[in-house]
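Contents: one structure, followed by commentary.
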Amino acid sequence: MERFRDWKREAFGSDYDIVVHYSKHYEHFLEEKLGATGEGLHQKITSVQNKIDVKTIKKLRYIATIRNKLIHDKNCTKLDDRKTFLQTCKEVNQLLDAQTKKGCTIQ
């Protein structure tokens, strides 16, 4: 079973590095573990929203929205709240890791 990396180790990169790392990680996880499809994280979340709980969906959508804002909004050059972003990623990691251990989806 692929385990999530320690979120604290990732806290030392640039905001771009952190956001892209986690976004790519969640995209890959959703594809590989839950069969997600789509172009980006939002589409992948939508494609598997019946397999994960609302709490996890909301947290993943927050991450996807922050990623899109940081990448596409020319006025956004850094995370508004790095601590909250990292805490959200830690929580998502725990939720998805627990789901993987159980071998079933969170409902």
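The figures follow:
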item	result
Carbon plus sulfur fraction of accessible area for region 45-104, probe 1.4 Å, in percent	50
For peptides 63-73, 87-97, sequence by mean Cβ density within 10 Å, most packed first	87-97, 63-73
Heavy-atom accessible area per residue - region 34-81, 1.4 Å, Å²	60
Translational diffusion coefficient (Stokes-Einstein; Kirkwood radius from C-alpha pairs) of region 30-102 at 25 °C, 0.890 mPa s, in µm²/s	188
Calculated from backbone phi, Karplus (6.51, -1.76, 1.60) coupling profile of region 90-99 in Hz, x at Gly/Pro	4, 5, 5, 4, 5, 5, 6, 5, 4, 4
For peptides 78-85, 48-55, 23-30, sequence by mean Cβ density within 10 Å, most packed first	23-30, 48-55, 78-85
Pairwise FRET efficiency - GLN49 versus GLN94, Cβ, R0 = 22 Å, nearest 0.05	0.70
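The values are calculated or read from the model by the stated rules, or taken from the named source; none is laboratory data. The structure displayed is predicted, hence computed values, not measured ones. Neighbour counts are summed over all protein chains in view; Cβ atoms, including those assigned to glycine, are modelled from backbone coordinates with ideal geometry. Note: areas computed on protein heavy atoms with side chains; ligands, DNA, RNA excluded. Shrake-Rupley method; radii C 1.70, N 1.55, O 1.52, S 1.80 Å.
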